[in-house]
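Take a look at the structure below.
Please treat every number below as a calculation from the coordinates, not as lab data. Worth saying up front: this structure is predicted, and the values here are computed from it rather than measured. Glycine also receives a Cβ, built like all others from the backbone with ideal geometry; neighbour counts cover every protein chain displayed.
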Amino acid sequence: MKSRLKEIFPDFQEEGLIEEIAKHGIIKPFKKGEEFLRPGKFINSIPLVLEGIIKISKKDNFDNEVILYYLKKGETCAHNLHCCMVNEVSQINAEAETDVTLLFIPLEFLDKWSTEYVSWKRFVLKTFKNKFDQLLQVIDEIAFNNIDYRLINYLNEKQKIAKDNIIKTTHQDIAIDLNSSREVISRLLKKIEHQGKIKLGRGKIELINLM
DNA sequence: ACATTAATTGTGT
DNA sequence: ACACAATTAATGT
């Protein structure tokens, strides 16, 4: 058991930590599709994934499910950790995506280990950081996909200010205003031009049929 | 009118 | 994102 833990969680350094996990952890297998965590349920332990994939999701007020993330071997759930530490009820669903083997750590050990074992504390922080990084990535993607619309809006605003249908500006200046790069703006503008909405010239953009 | 140069825009990787 | 090519406007001779 201990060697298996070391293999799956190479981050755990202290021998004592490994022993405590092996001693107090409760192994539970789940079949594919089983749901083992529901919103509103009190959480008295957190699962370390030994084998398989679990899906963490959140049901919104209507009826659709938003997948937050998947956990694989060697990981644990950031939401779960947080809920345990502040004694709140779960906001999320957890479901076995494949057959899984989980090792449940009773919540009373979390605070204790955090102060006793540096590598456990690092593991917890790393779990939070990973989820945070994922969020940042999503934000980036959303921002990127919105550049089309932001560019159109930008041109409209300029038109209002200019009273004229000819905007005098360079691609570079637009890129700076929209936190983008000049090449991206150039290519987007060209697409819009091909749609007949604008006409491009050096240092100016003539609005034909915007909106 | 022509050449030179700088700024702007286009394109491939 | 970067590097380079191509185009255009501006300026000097």
Taking K and R as +1 and D and E as -1, what net charge do the other residues with C-beta under 11 Å from the C-beta of A:I166 add up to? +3
Could you work out how far helix A:118-145 tilts from the main Cα principal axis of chain A, as a 0 to 90 degree angle to the nearest 10? 20
Where does chain A land at 222 nm, in deg cm²/dmol rounded to the nearest 500, when only DSSP H runs of n ≥ 4 count, each adding -39500 (n - 2.57), divided by all residues? -14500 deg cm²/dmol
Contact order relative to length for chain A, counting C-alpha pairs under 8 Å separated by 6 or more residues, stands in percent at 19
Within the P(r) computed for chain A, what percentage of the Cα pairs occupies the region above 30 Å? 46
Between helix A:15-24 and chain A: long-axis angle, C-alpha atoms, 0 to 90°, nearest 10: 80
Mean 1/r over all different Cα pairs, inverted: what Kirkwood radius does segment A:17-72 give, in Å? 13.5
Over segment A:145-207: Kirkwood hydrodynamic radius from C-alpha pairwise inverse distances, Å: 11.5
Distance from segment A:55-110 to segment A:124-199 (C-alpha centre basis), Å: 36
Lys/Arg Cβ at +1, Asp/Glu Cβ at -1, dipole of chain A taken about the Cα centre: which of A:N179, A:P106, A:G196 is farthest positive-ward? A:G196
Calculate log10 I(q)/I(0) of segment A:33-133 for q = 0.12, 0.13, 0.15 Å⁻¹, where I(q) comes from the Debye formula with a single equal point scatterer on each Cα and nothing for solvent. -0.37, -0.44, -0.59
